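K.L.:
Sharing a structure here in structure tokens format.
Nothing in this text is a laboratory measurement; each read-out follows from the coordinates by a stated rule. No experiment lies behind these values; they were computed from the predicted model shown. Cβ atoms come from the backbone with ideal geometry, glycine included; neighbour counts cover every protein chain shown.
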Amino acid sequence: MKKQNQYVKGLMNQENEQFRKLHEIVKNALQEEELITQTIITEQSQDKGTYGERLADKVAEFGGSWTFIIIFSVVLLGWVCINTLFLAQHAFDPYPFIFLNLILSCLAAIQAPVIMMSQNRQEVKDRKRAENDYVINLKSEIEIRHLHQKLDLSLEEQYKHLCEIQQLQIELLEKIEKRLERLGKKP
């Protein structure tokens with residue numbers, strides 16, 4: 001009887017040790033995931049770009065804002081008003097505003113490539129972000145598979161232990177039955 005109790009306690013200790021190892025594995029996997037994420041965040045924060053790239057980003061950011069549209073509209077309206085109303089006799093750019101058209105064409109010719117540079121830079125950032133997401137997702141998938149395998153192994157071991165315990169209980173019941181039969185036969 002003591003031998004069987006010791007065996008059951010030993011099995012329970014083994015299971016506790018397995019659970020401790022599983023918890024350790026899960027904890028390490030989570031820390032590794034954080035390390036990968038931290039590395040990726042560090043890489044992204046270090047990507048400053050050249051002065052020209054940063055300038056292109058700022059120009060594109062300003063050129064695509066309501067602030068730019070409002071300022072540009074006010075400047076255009078001011079240009080037209082000054083040249084038609086206030087300087088009607090001596091306008092430096094009379095109607096049809098040829099000089100204004102030249103300035104707008106030059107602005108568009110300069111602004112378009114700058115915006116394209118910024119878009120190309122953003123595309124590179126997006127591609128890198130997608131690659132990083134892929135790496136993290138792949139790592140997560142691998143870790144989940146490992147955890148599934150470890151849980152399956154743990155469940156298999158538990159099932160074996162339960163079967164062994166059940167076998168011990170059956171043997172105990174048989175011994176008890178035999179003793180009861182012996183006691184029942186004795187008058």
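K.L.:
Relative contact order for region 37-153: what is it in percent, counting Cα pairs under 8 Å that are at least 6 residues apart?
P.N.:
That works out to 32 percent.
K.L.:
Take the residue pairs 128/150; 9/160; 58/125; 48/128 and return only those whose Cα atoms are more than 22 Å apart.
P.N.:
Among 128/150; 9/160; 58/125; 48/128, the Cα-Cα distance tops 22 Å for 128/150.
K.L.:
Shifting gears a bit: Only sites in a loop by DSSP and with at most 15 other Cβ atoms within 10 Å count here; which chymotrypsin sites (Phe, Trp or Tyr not before Pro) in region 43-120 make the cut?
P.N.:
Loop-located and lightly packed - 92.
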